[in-house]
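Inspection log for the structure reproduced underneath, given as structure tokens.
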Amino acid sequence: MGAFTSFGRKLMKLSQYFMPILRDDPKEAEIVSHRLMLRTGMIRQESAGIYSWLPMGLRVLKKIEQIVREEQDRAGALEVLMPTIQSADLWRKSGRYDDYGKEMLRITDRHERDMLFGPTNEEMITDIFRAGVQSYKDVPRNLYHIQWKFRDEIRPRFGVMRGREFLMKDAYSFDVSAEDGRHSYNKMFVSYLRTYARMGLKAIPMRAETGPIGGDMSHEFLILAETGESEVFFDRDFYDMDWSAFEIDYDDLETVSQTVTEYTSKYAASDEKHEPEEFEKRVPESRRLSGRGIEVGHIFFFGTKYSEPLGCVVQSADGKPVALHSGSYGIGVSRLAGAIIEASHDDDGIIWPESVAPFKVGLINLKAGDAETDAACANLYSGLCQKGIDVLYDDRDDRPGAKFARMDLIGLPWQVIIGPRGLKDGVAEVKERATGERQNVPLDNVVSLF
Ligand code: ATP
Ligand code: MG
């Protein structure tokens, strides 16, 4: 059963769709995901590091976003939506207005007020929380949003992987003590494992730079890919860990904390935090692996770094004012669209994991205009529709070879191929994109396959 999606139509005829496929490889694309996203008409560059998302690309982005949302909600975080444009005032209080440097896009409004396009939201959320809580009874809370960010990256490249405008999920936790904060951190850590697993990814948590608090409370999640920007070093044992979206009870502090221990006890670090001596000491040579990785998430505990300057203080149980302890938790939602392609493609094109595929099934009519073939396709099309399956119906009058190549290129998980030859025997050919396996299926049984 296809996942219910609240956006867009579940069925689409190619003859009525907008999927501007490029015949040739775009010259500017250095890596496979960028090339395939441009070729399949998922995105279009508007200026350096700034993209429009076209219908197919947007469907994927929305599906990724929805998985992220469901897993945040499941872990107890509450969705909000903060604006993209922020006032400079709060950033002056935290001291980051000057520190952030050229990556921050600064804007002046008509009244000469300093504004900025948010690169992140620690200041704003801390101020929102400050205004809304009084006592220790109002915490813990975790608020998140999924919103466009702007960072004026010095070298935007690789398409949506390093954009200037990009979609991020950022969550922020608030606790009365650093100890409670650790549990909030652990919950997000585990929710990230589930989130990436649902997208078919293995995202290895690696030690990352920690802030003024120190300790081990910062992790980046990296998926392995030759084209990744970071060099990574890790224990082969990670391959044998459970990368499925395992069940977890987030209120069970002990299990949540044990899970974090399990996924952090093996050595894994990206170049910035890599310690060659420790790597050699802790990991026997036969298990030492290195490669490249794409950072798809970063979680961070920073204690009272923002709550102190911004006055985010509550009454503790014994009546004393305490500054709240916080962490922030980012996922690169738009980067993930590219990262998933890096992890899942072949020479013919994209291979979408079902959970994020723009459509589950591609229905190919091999002889558009032929009454019998058209009727068989129309029948299947409506059967799949009734079952709530996302279908892209290739009803165009093209050569079969062109249709096969196009369908492989866009990478829908399943292809249902209908032509006069099969129809004589009352069958459709069903092809699984990932394995290339084909089988003939009686027409009446096709719908029940999905
Ligand atoms: P990077 O090291 O890749 O520059 P970062 O450490 O600056 O990222 P964070 O502030 O940790 O980024 O942001 C959270 C997540 O947002 C990152 O893990 C990444 O997946 C995503 N992200 C960050 N910068 C970009 C960008 N320029 N384009 C697309 N996604 C990004
Ligand atoms: Mg980071």
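What ³J(HN,Hα) values, in whole Hz, does the Karplus curve 6.51 cos²θ - 1.76 cosθ + 1.60 give for the range 251-264 when θ = phi - 60°, with x put for Gly and Pro?
7, 8, 3, 5, 5, 4, 5, 5, 5, 4, 4, 4, 8, 10
Pop out the ³J(HN,Hα) list for the range 267-281 in order, Karplus 6.51 cos²θ - 1.76 cosθ + 1.60 with θ = phi - 60°, rounded to Hz; leave Gly and Pro as x.
Listing the rounded values in order: 6, 7, 8, 8, 3, 4, 10, 5, 10, x, 5, 5, 4, 5, 5 Hz.
Checking the table Lys149/Lys266; Lys169/Lys403; Lys169/Lys281; Lys202/Lys273; Lys62/Lys202 against a 26 Å threshold on Cα-Cα, which pairs fail? Walk me through the numbers before you get to the answer.
Working: Lys149/Lys266 33 Å; Lys169/Lys403 37 Å; Lys169/Lys281 37 Å; Lys202/Lys273 20 Å; Lys62/Lys202 20 Å.
The pairs that break the limit, which is 26 Å between Cα atoms, are Lys149/Lys266; Lys169/Lys403; Lys169/Lys281.
Could you check the simple spin-label distance between Lys387 and Ser448, using points 7 Å along Cα→Cβ, in nm with one decimal?
About 1.0 nm separates the two model spin labels.
What is the extension gain from Asp25 to Glu354, computed as 0.36 nm multiplied by their sequence separation minus the C-alpha to C-alpha distance, in nm to one decimal?
Working: separation 329, 0.36 × 329 = 118.44 nm, distance 2.55 nm.
Full extension from Asp25 to Glu354 adds 115.9 nm.
Each label point is 7 Å from the Cα along the Cα-to-Cβ direction; what then is the distance between the points at Ser15 and Asp374, in nm?
0.7
What aspartates and glutamates sit close enough to Lys360 to cross-link, taking a C-alpha to C-alpha distance under 12 Å and skipping anything fewer than 8 places away on the same chain?
Excluding near neighbours in sequence, the set is Asp390, Glu432.
Lys/Arg Cβ at +1, Asp/Glu Cβ at -1, dipole of the range 223-354 taken about the Cα centre: which of Phe302, Ser286, Ala245 is farthest positive-ward?
The residue sitting most towards the positive pole is Phe302.
Give me the dipole magnitude in Debye, nearest 20, for the range 310-450 about the Cα centre, with unit charges on the beta carbon: positive for Lys and Arg, negative for Asp and Glu. Please report the intermediate quantities before stating the final value.
On the way: 14 positive and 20 negative charges, 63 e Å.
Dipole magnitude for the range 310-450 comes out near 300 debye.
Calculated FRET efficiency, Glu308 and Lys424, Cβ-Cβ r, R0 56 Å, to nearest 0.05? Can you show the working numbers first?
On the way: r = 77 Å, r/R0 = 1.37.
It comes to 0.15.
Val427's amide H: which non-local residues (gap 5+, or another chain) put their own amide H closer than 5 Å, with H modeled 1.01 Å from N in plane and none for Pro or chain starts?
The answer is Leu443.
Full-extension gain between Met241 and Ala434, please, as 0.36 nm times their residue separation minus the C-alpha to C-alpha distance.
On the way: separation 193, 0.36 × 193 = 69.48 nm, distance 2.30 nm.
Gain in length upon complete extension: 67.2 nm.
How long, wide and thick is the range 132-181, going by the Cα atoms along their three principal axes, in whole angstroms, largest first?
45, 21, 14
Place a +1 charge on the Cβ of each Lys and Arg in the chain and a -1 charge on the Cβ of each Asp and Glu, then give the dipole magnitude about the Cα centre in debye, rounded to the nearest 20. Please list the in-between numbers first.
Numbers: 59 positive and 73 negative charges, 264 e Å.
Dipole about the Cα centre, nearest 20: 1260 debye.
Which of the listed residues, Asn440, Val356, Ala375, is farthest toward the dipole's positive end in the range 314-450, when Lys, Arg count +1 and Asp, Glu count -1 at the beta-carbon?
Looking along the dipole axis, the top candidate is Val356.
Can you give me the long-range amide H partners of Lys13? Hydrogens built in the peptide plane at 1.01 Å from N, cutoff under 5 Å, separation of 5 or more residues or another chain.
Amide H to amide H, under 5 Å and 5 or more residues apart or across chains, Lys13 pairs with Tyr393.
Given points 7 Å out from each Cα along the Cα-Cβ axis, report the Thr210 to Asp251 separation in nanometres with one decimal.
3.0
What does the extension gain come out to for Arg399 and His111, with contour length at 0.36 nm per residue minus their alpha carbon separation? Can you show the working numbers first?
Details: separation 288, 0.36 × 288 = 103.68 nm, distance 6.01 nm.
Gain in length upon complete extension: 97.7 nm.
How much FRET efficiency would the formula 1/(1 + (r/R0)^6) give for Ser265 and Ile85, where r is the Cβ-Cβ distance and R0 is 56 Å, rounded to 0.05?
Values: r = 43 Å, r/R0 = 0.77.
That gives a FRET efficiency of 0.85.
Where does the chain land at 222 nm, in deg cm²/dmol rounded to the nearest 500, when only DSSP H runs of n ≥ 4 count, each adding -39500 (n - 2.57), divided by all residues?
Details: 13 runs with 137 residues, N = 450.
That calculation yields -9000 deg cm²/dmol at 222 nm.
Can you list the HN-Hα couplings for the range 364-369, worked out from phi with the Karplus curve (6.51, -1.76, 1.60; θ = phi - 60°), rounded to whole Hz and with x for Gly and Pro?
With coefficients 6.51, -1.76 and 1.60, one gets 10, 9, 6, 9, 4, x Hz.
Find the Rg to Rh ratio for the chain, where Rh is the Kirkwood radius over alpha-carbon pairs and Rg uses the same atoms.
When Rh is taken as the Kirkwood radius, the ratio is 1.02.
Which Rg and Dmax, in Å, describe the Cα atoms of the range 65-191?
Rg and Dmax of the range 65-191, Cα atoms, are 16.0, 46 Å.
Using +1 at the Cβ of each Lys and Arg and -1 at the Cβ of each Asp and Glu in the range 129-240, identify which of Val133, Phe233, Thr210 lies farthest towards the dipole's positive end.
Going by the charge dipole, the pick is Val133.
Every number in this text was worked out from the coordinates using simple rules, so none of it is lab data. For clarity, every value in this text was computed on a predicted model and none was experimentally measured. Cβ: placed from backbone, ideal geometry, glycine included. Neighbour counts: every protein chain shown.
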